[in-house]
Amino acid sequence: MSAGRRAFAVALASFACACGPTGGGAPPADPPAEAVSAAVSAESSASAEATALGPVHELTVTDLDGRTVSLAQFAGRPMIVEIWATWCGPCRRNRQLINDLKKEFPERLVVIGVSVDSKASLVTNFLRSNPANEHEFMATPEFMQLVATRSTSNAIPKTMYVNGRGQIVDVSEGVQGAKWVRAMAKNLK
């Protein structure tokens, strides 16, 4: 096992659900709508000189059949990326919330699940009886390295909001509030 893969395995093993070992706790309070607009606007103005592909588009993940997939296929489309695991209770609640809200999202928005589970078969089995996103992938070391540049905590779930230029607008931890997810979905460009 290479040093990079070993470090990735250690990082995956150390992930903990954001609400603690029991998975309890209430979702965080929704921030004011102005905070959402400010976060999206600040990221947009800071990226006026962006290249065709942003950092998220330069990443690859693995599909559930083990094939490498480039996130560049989503260039031009904003994304909500759920970082989750099948064993994580708060992750399941966050996935259910986002699934319930999907019908309200703009058509241009793509929702992607990226699992940190150790095996794709765990995700495949989970998805047989639970709602799935349009795209479900497995995390790669490079994907997790980029996430760590925006969120140093090992907690999951994480929800990463990415604009159409492939730039991370926000990484939120824990079960998201419906108002926050709706506002971010509406304001991502």
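A compact table of results
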{"quantity": "In sequence order, calculated HN-Hα J values of segment 99-106 (Karplus, 6.51, -1.76, 1.60; Hz; x Gly/Pro)", "calculated": "4, 5, 8, 3, 5, 8, 6, x"}
{"quantity": "Histogram of C-alpha separations across segment 115-189, 5 Å bin width, %", "calculated": "3, 12, 20, 24, 22, 14, 4"}
{"quantity": "Cross-link reach list, lysines versus residue 103, counting only Cα pairs under 28 Å and skipping chain neighbours closer than eight places", "calculated": "158, 179, 186, 189"}
{"quantity": "Residue order, fewest to most beta carbons within 10 Å, for 153, 115", "calculated": "153, 115"}
{"quantity": "Candidate lysines for bridging to residue 119, where Cα separation is under 17 Å - those fewer than 8 sequence places away on the same chain excluded", "calculated": "none"}
{"quantity": "Trypsin sites (Lys or Arg not before Pro) restricted to segment 117-160 and DSSP loop, no more than 10 other C-beta within 10 Å", "calculated": "128"}
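Bear in mind that the values in this text are calculations on the coordinates, not laboratory data. These figures come from a predicted structure and were not determined experimentally. Note: ideal-geometry Cβ built from the backbone for every residue, glycine included; neighbour counts use all protein chains shown.
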